[in-house]
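Chemist: Before I ask anything, let me first share the structure, which is written out below as structure tokens.
The values are calculated or read from the model by the stated rules, or taken from the named source; none is laboratory data. From a predicted model like this one, the values you see are computed outputs, not experimental measurements. Glycine also receives a Cβ, built like all others from the backbone with ideal geometry; neighbour counts cover every protein chain displayed. In case anyone asks, the SASA skips ligands and DNA or RNA and just uses the protein heavy atoms, side chains included. Shrake-Rupley method; radii C 1.70, N 1.55, O 1.52, S 1.80 Å.
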Amino acid sequence: MMPSTHDWINNPLGVVEGMFAASHNNPNSGWEAKATEFFKDKLREKDAHTWIPSLNDVPLHYLKPNSLVKFRCLIQDMFDPEFYMGVYETVDPSTQAKVLRCGKYKDVTECGVNFDSRNTVPADRQTFYCVPIPGENPWVKVSYAGSSQARVVPSTSYTPTRQKRSYEEDDDMDAMDTQPLKQREPHTGCQGATEQHGNGDCKRQETEAPSSQTTSASHLDLNFPLPGEKGPSCLVKVYENGAGFKLNDTLEVYGILSVSPALSALADQKEASSSLLDPAECMETAEEQRVHSPPASLVPRLHMLYAKPLPHYNPLLPSDTLQDNSAFLSSTLSEMASVREELLAYFTHVLLGDALAAEFLILHLISNVYTRRDVLPLGKFTLNLSGCPTVASYTERLYQIIQQLVPSSYYLGMSLQNMNQMRLVPKKDYVANRLLSGALQLAKNTSLFLDEIQLEQGQLDPTGVRNVTALGNVISWQKVDYDFNYHQMEFPCNINVLVASEARSLLPSDCQIHIESQVNPANLEEYLGIHLHPQASSQLNKFRIYLSVARLLDYSISEEMTKSVEDDFVDMRKDDPQSVSAEDLHRMLVVARLLSLSLGQTSLCTDSWLRAKHIETLRRSRMEQHKTVNGNEP
């Protein structure tokens, strides 16, 4: 059955408080673990995750406060732990009756808190600043939103087609017959925040910035890594297993939505009283208050019940691992070779008739850092497509095609202005005590398209030099050195970098191939107009599934095949030891691995090894010829 109005989705606090109340008679009941397990069990039910409204595609004012919502996100920053009242006691002013309350999963306490009670139990929780996955492409957003069944849940407030008046009327109707333990919205005058931050004598209550008319999104830097990004950011409150999460992890968070307007009133009080305090007595600066406690109407709070690490974020694939979906995997593998042929033909047109370059583009798009050996990231395959036309906005069009096929991507035009002015590397702001994001704070498997055609003559300033160095580190070592002012901190990454250039790129790469255009330059504009128009969505979906599955497949080489490759390498070096280096062998093994996976094969066979050797020989021969023709080509 679909969930009803007063259930675990619309009133999760009712479930939590019911378990809390039942635990009074049995202090050792372990109610907190039972509560989180209850929600995990519910979410394991078939299609249950599609019933939960998503912050990614539902406007915040359509979502019911204190309901269960989900958020597909990246952990952009981690704030200091904060303290709150896990259990507290309230006193009814008329009857003097005392009631124990649960403060978990809430920002605001009930009225009449007895601060002298010995029953108060302090607790702490972590806060993550989370943003939508940077560079998530429009087709992904549309597909996730389209698969949601949240809009058909009976009697919920969320129906996007309704006007706000309907929403408020629904809320009033729901409030009339809610379960007894549903948290009501108390009057502003007697609310108190349940949180206290960090160290120091100043008890740092979690509040919002003043809700004045001057406060708006334009006045608040939401700290998205990529310029021009839209979508909500969110303060995620974490109660269990906080140490199990890392900066830049991609998650789907399920939690209780908190957008209490009371936080704004508390912020007003706090700002008024802060002027009376000795600044030395308060550990939190005004700037830090503003950044860590933004208006809930712009940055909602999400109290985490459960978070699922995302193995991928392609909505066309099952949300779990491929190994848990054998039927999907077997049917997809059976079609891999034929879809590859179609994609190869498509890319051949896109790359101006160059089938060899198209082959390497496929290998690049399915590459992935599958492990690290000491400092060496294994599996990366940065591709430098040189010989790109400088006319007809070719590189921008090429990026748009890739954007249609991968879940997340970013186009970076390497103009002098961008190199000298952009913040690519995240930097710690000690005044506001937050990590300022940079364009290289990207989720795993993001496609980064570097357009070197945009680079004109001129001087890189110190910022430009640091940015180019940072790009080189991503390509060579798959790491970004975050700037903490007095030191750098190394963060591993897994970013697919494609460099489009006219001559050989000034950046390093794992593989360079020069496009040999089969198109007369005079006909280039017409050719691009014909061959670069969007494909049918059904065809695109086949390509999208193919590229994601190929990247997620396991791969191995048998001992027998390893011995065969070693013997082959010795034979290749017999006649001319200089002809094939250890680096060449490593690249051939990477190409062979990607070639096997592109065919849906999870282990290396002799045919794939011979094919990998063949296309590598063709590529190297082409580069030698090009070097001879163009003496300036390194």
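Chemist: Let me know the shape class of the stretch 358-416, please: from the alpha-carbon gyration tensor, a ≥ b ≥ c as square roots of the eigenvalues, rounded when a/c is under 1.5, otherwise prolate if a/b is greater than b/c, or oblate. Can you show the working numbers first?
Modeler: Working: a/c = 2.09, a/b = 1.87, b/c = 1.12.
Taking the square roots of the gyration eigenvalues as a ≥ b ≥ c, the stretch 358-416 is prolate.
Chemist: If you don't mind, there's one more thing I want to ask. In whole angstrom, how long is each semi-axis of the equivalent ellipsoid of the stretch 418-490, when you take the square root of 5 times every eigenvalue of its Cα gyration tensor and sort them from largest down?
Modeler: Whole-Å semi-axes of the equivalent ellipsoid: 22, 16, 11.
Chemist: Quick one: Cα centre-to-centre distance for the stretch 563-608 and the stretch 76-138, in angstrom?
Modeler: Cα centroid to Cα centroid, the span is 58 Å.
Chemist: Give a residue-ordered list of calculated ³J(HN,Hα) values for the stretch 220-227 (Karplus: 6.51 cos²θ - 1.76 cosθ + 1.60, θ = phi - 60°; whole Hz; x for Gly, Pro).
Modeler: 10, 7, 7, 6, 5, x, 9, x
Chemist: Also: Please identify every one of the trypsin sites (Lys or Arg not before Pro) in the stretch 24-53 that sits in a loop by DSSP and has no more than 10 other beta carbons within 10 Å of its own beta carbon.
Modeler: Answer by residue number: Lys46.
Chemist: Here's something else I'd like to know. In what order, largest first, do Phe83, Phe491 sit by accessible area if the probe radius is 1.4 Å? Mind showing how you got there, number by number?
Modeler: Values: Phe83 90, Phe491 40 Å².
Per-residue accessible area, sorted high to low, gives Phe83, Phe491.
Chemist: So what's the stretch 8-65 giving for Cα Rg divided by 2.2 N^0.38 Å, two decimals?
Modeler: In units of the globular-protein estimate, the stretch 8-65 measures up at 1.37.
Chemist: Non-local amide H neighbours of Gly387 (under 5 Å, H modeled in plane, Pro and chain starts lacking H): which ones?
Modeler: Answer set, sorted by chain and number: Ser501, Glu502, Ala503, Ile515.
Chemist: So, one more: If you take every residue apart from Arg44 with its C-beta less than 14 Å away from the C-beta of Arg44, what net charge results, scoring Lys and Arg +1 and Asp and Glu -1?
Modeler: -3
Chemist: A further question on this structure: Please report the base-10 log of the normalised intensity I(q)/I(0) for the stretch 73-149, using a Debye sum with one equal scatterer per alpha carbon and no solvent, at each q in 0.24 (1/Å).
Modeler: -1.06
Chemist: Efficiency by 1/(1 + (r/R0)^6): what FRET value for Asp584 and Val91, r their Cβ-Cβ distance, R0 = 56 Å, to the nearest 0.05?
Modeler: 0.10
Chemist: Oh, and also: As a test of the definition: which semi-axes, in Å, follow for the stretch 294-380 when you take the square root of five times each eigenvalue of its alpha carbon gyration tensor? Largest first, please.
Modeler: 34, 20, 18
Chemist: Right, next: Spelling out what I want: for every residue of the stretch 386-400, take phi, set θ = phi - 60°, compute 6.51 cos²θ - 1.76 cosθ + 1.60 (Karplus), and round to whole Hz; glycine and proline get x.
Modeler: 8, x, 6, x, 8, 10, 6, 6, 4, 5, 5, 5, 4, 4, 4
Chemist: A further question follows. Grab the Cα-Cα distance for Ala145 and Asn26, subtract it from 0.36 nm times how many residues apart they are, and report the gain in nm with one decimal. The partial results should precede the final answer.
Modeler: Details: separation 119, 0.36 × 119 = 42.84 nm, distance 4.30 nm.
Using 0.36 nm per residue and subtracting the Cα-Cα distance, I get 38.5 nm.
Chemist: Regarding the stretch 557-602, what's the average projected area of the Cα-atom convex hull, expressed in nm²?
Modeler: Mean orientational projected area (the stretch 557-602, Cα hull): 3.3 nm².
Chemist: Along its principal axes, what span do the Cα atoms of the stretch 348-464 show, with the longest given first and each in whole Å?
Modeler: Dimensions of the stretch 348-464 along the principal axes of its Cα atoms: 54, 39, 26 Å.
Chemist: Given a cut-off of under 8 Å on Cα pairs at least six residues apart, what relative contact order in percent is computed for the stretch 9-79?
Modeler: 41 percent
Chemist: Per residue, how much space in cubic angstrom lies within the convex hull of the C-alpha atoms of the stretch 401-533?
Modeler: 138 Å³
Chemist: Follow-up. Restricting things to alpha carbons, tell me how big the stretch 7-147 is in terms of Rg and Dmax, in Å.
Modeler: 18.4, 59
Chemist: Would you mind checking which residues have amide H under 5 Å from Gln512's amide H? H placed 1.01 Å from N; only 5 or more apart, or other chain.
Modeler: Asn384
Chemist: Can you give me the Kirkwood hydrodynamic radius for the stretch 37-82, using every pair of distinct Cα atoms, in Å to one decimal?
Modeler: Computed over Cα pairs of the stretch 37-82, the Kirkwood hydrodynamic radius comes out at 12.8 Å.
Chemist: If only Cα atoms are counted, what is the Rg of the stretch 535-634, and what is its Dmax, in Å?
Modeler: 16.8, 51
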